[in-house]
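Following: one structure in C-alpha cells, then a few remarks.
The values are calculated or read from the model by the stated rules, or taken from the named source; none is laboratory data. From a predicted model like this one, the values you see are computed outputs, not experimental measurements. Backbone-built Cβ (ideal geometry, glycine too); neighbour counts: all protein chains shown. These area figures cover heavy atoms from the full protein model, side chains too; ligands, DNA and RNA do not enter into them. Shrake-Rupley method; radii C 1.70, N 1.55, O 1.52, S 1.80 Å.
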Amino acid sequence: MKKIETICVQGGYEPGNGEPRQLPIIQSTTFKYDTSEHMAKLFDLEESGYFYSRLQNPTNDLVAKKICQLEGGSAAMLTSSGQAANFFAVFNIATSGDHVVASSTIYGGTFNLFHVTMRKMGVDFTFVKPDCSEEELEAAFRPNTKAVFGETIANPAVVVFDIEKFANAAHRHGVPLIVDNTFATPINCRPIEWGADIVTHSTTKYMDGHGASLGGAIVDGGKFDWMAHADKFPGLTTPDDSYHGIVYAEKFGKEGAYITKATAQLMRDFGATQSPQNAFYLNLGLESLALRMKRHCENAQKIAEFLQGHKAVSWVTYCGLPGDKCYELGQKYLPNGSCGVLSFGVKGGRKAAEEFMKHLHIIAIETHVADARSCCLHPASATHRQMNDQELEAAGVKPELIRLSVGIENVDDLIADIKQALDILPQ
Ligand SMILES: *Cc1c(COP(=O)(O)O)cnc(C)c1O
C-alpha cells in the first residue's frame, strides 16, 4: 500500500494515457445511454454506472475513493455536509424504534441532530461520558441498540475518544462503532485500524482546509458482518422493496452493502449531494492535507505551551501537553499530533473571554474551525447556545472556554497576537 502523503496527492483519480492530469469536474446532472435495457440494469443495481447526480457523480466518487484509501476503508461516499454524513451514517442502520449509544462529548450540531431531530424521527439516544467506566458503558446498551457513536477528537472539548474501548463494547453487543474523524483526519488517526467500523467526516474542516467548500464523507471499513447480526439490521439483510427485493448484505457483501444502501436509499430520497465543483475543491485541499496537518499540530503545540505559561490563562486543554487529561490517550491514538484546535479558559470567566477576543487582530472570530487561517470562538455564546448549563457541562464546554483553531501562519505572529490580547486581561 502507498504511503499516506502519496495517497493525499495521487489517490482516487488515476488518469490513463492522454487523460487530464487534474481531476475532471463532471458538471452534469444526467448521463446518456443507448438502450432502455442498459438504464434498467442501473436502476436495478444490476450494473454500476451513473444515471443521475443526485445519487452518484463520477467526480464525487473519485474524491470519495481518495478518502476511502486514506482511511483504509472498503467503500465511501461524499455528502453535502458533515451533518448529512452523520445523519446518513446513523439513519442507514438505526430507524424508528431503534436506539444508539453516543459519546456526550460531541459537536453541538451532531448533538442537536441526535438529541432533538432524530428523536423526533423515533431514534432514541443514550449519551455516555467518553471517560465512563466499562460498567457505565455496558449499562447504556439496550436490546434495540443499533450503533455506537463518538468523535476521535471532540469538537470543541478536544478530548480524545478511546476508540478501542467503545469498539469492543459495540462488538460485544453485535453493533458497529461509527467514529467522526473530522479533527484528527486520517493523517493523524485511522479509526478503522483501532476497531471502528464506519468513519465520518465534515470535509468542510481540514480536508478542504481553505474554508472554501462545505462537504461530508462516510467511509465503511468493510469489516462489520451484517449477516451475522441479521435480526438487528433488517434494512441490510432483508429484501429492499424499493429495489425489486435486493438484499444489500448478500449482493454487495461486507465491503459494499452499507455504502450501497446509503447511496441507493438515502441519497435517492434525501438528496444531500455534494456538488462536483465542491468535490473538486475538496480534492485540491486533500492534496496538501498531510503537509498542513503537520504544520497545524506544530503551531498548536507551541501556542498551547505559551498559553500554559501566561498568567491570564486559567487552564489549557490540548492532548499534546503532558499532564492533560487526554495526554495518554493522545499518545496512543495520535502519536504524530492531534490537530490545530485547542481550548483554554481565561481568568475572569465569560466576560474576560469576550474581551480577549475583541482585541485579536490576526486571529478572527468565526464559527468555523480547522482551516489554514487561525480563528477562535466562544462556544457558550455561539455554537452551543441552544444547550442548557447541564448539557454544556456534559459536552465538556465551560462558560469561559475559548476554542482556538490554530492555522498554518507563522507561529510567532500568532503568539504575538494572543499575547497582546491576554496582557490586558486580569492576571
Ligand atoms: C463541523 C463538524 C460537523 C458538521 O459538519 P458540517 O460540514 O458543518 O455540516 C460534524 N462533526 C464535527 C466533528 C464537526 O467539526
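Among DSSP beta bridges whose residues both lie in the chain, state the antiparallel percentage, nearest 5. Provide the component values of the computation, followed by the final result.
On the way: 25 of 43 bridges.
DSSP beta bridges in the chain are roughly 60 percent antiparallel.
Classify region 167-268 from the C-alpha gyration tensor, please: rounded if a/c falls under 1.5, else prolate or oblate depending on whether a/b exceeds b/c. Please report the intermediate quantities before stating the final value.
Working: a/c = 3.05, a/b = 1.46, b/c = 2.09.
Since a/c reaches 1.5 but b/c is at least a/b, the shape of region 167-268 is classed as oblate.
Could you give me the ³J(HN,Hα) list for region 292-307, computed from phi with Karplus coefficients 6.51, -1.76, 1.60 and θ = phi - 60°, whole Hz, x at Gly and Pro?
5, 4, 4, 5, 4, 5, 4, 5, 5, 4, 5, 5, 4, 5, 4, 4
Which loop-located GluC sites (Glu not before Pro) does region 129-227 contain, where loop means any DSSP state but H, G, I, E or B and the Cβ has at most 10 other Cβ atoms within 10 Å?
On the way: sites: Glu134, Glu135, Glu136, Glu138, Glu151, Glu164, Glu193; in loops: none.
Answer by residue number: there is no such site.
What whole number of Å gives the distance from the Cα centroid of region 132-203 to the Cα centroid of region 259-285?
A separation of 23 Å, based on Cα centres.
Among Ser133, Ser405, Ser36, which one shows the highest mean-square fluctuation when the chain is modelled as a Gaussian network with alpha-carbon springs under 10 Å?
Top of the fluctuation ranking is Ser36.
If the rule is a partner Cβ under 4.7 Å, which cysteines in the chain fail it?
Cys8, Cys68, Cys132, Cys189, Cys297, Cys339, Cys375, Cys376
At 1.306 mPa s and 10 °C, plugging the Kirkwood radius over alpha-carbon pairs of the chain into Stokes-Einstein gives what diffusion coefficient in µm²/s? If you can, show how the numbers build up before the last one.
On the way: Rh = 22.2 Å.
Stokes-Einstein gives a translational diffusion coefficient of 72 µm²/s.
Go through region 363-378 residue by residue and turn each phi into a ³J(HN,Hα) via Karplus (6.51, -1.76, 1.60, θ = phi - 60°); whole Hz please, and just put x for glycine and proline.
So the J values, rounded to whole Hz, are 7, 8, 8, 8, 6, 6, 9, 6, 9, 4, 8, 6, 8, 9, 8, 10.
Among the listed pairs Lys325/Lys398; Lys66/Lys129; Lys205/Lys311, which are separated by more than 26 Å between their Cα atoms? Before the final figure, lay out the partial values.
Values: Lys325/Lys398 16 Å; Lys66/Lys129 33 Å; Lys205/Lys311 31 Å.
Going by Cα-Cα distance, Lys66/Lys129; Lys205/Lys311 fall outside the 26 Å limit.
For the chain, with all protein chains present and a 1.4 Å probe, just round the carbon and sulfur fraction of the accessible area to a whole percent. Walk me through the numbers on the way to the answer.
Details: 8990 of 17430 Å².
Ligands and nucleic acids excluded, carbon and sulfur reach 52 percent.
Per DSSP helix of 4 or more residues, -39500 (n - 2.57); summed, then divided by the residues of the chain. What does that give at 222 nm, rounded to the nearest 500?
Numbers: 16 runs with 151 residues, N = 427.
For the chain, the value works out to -10000 deg cm²/dmol.
Per residue, what accessible area does the chain have, given a 1.4 Å probe and all protein chains present, in Å²? Numbers along the way, then the final one.
Working: 17430 Å² over 427 residues.
With the other protein chains kept in place, the chain gives 41 Å² per residue.
From the backbone phi of region 211-227, what are the Karplus-calculated ³J(HN,Hα) couplings (6.51 cos²θ - 1.76 cosθ + 1.60, θ = phi - 60°) in whole Hz, Gly and Pro given as x?
x, 9, 9, 7, x, x, 8, 10, 10, 9, x, x, 9, 6, 8, 4, 5
For region 38-79 and region 393-427, compute the distance between their C-alpha centroids and round to whole Å.
Between the Cα centres of region 38-79 and region 393-427 lies a distance of 41 Å.
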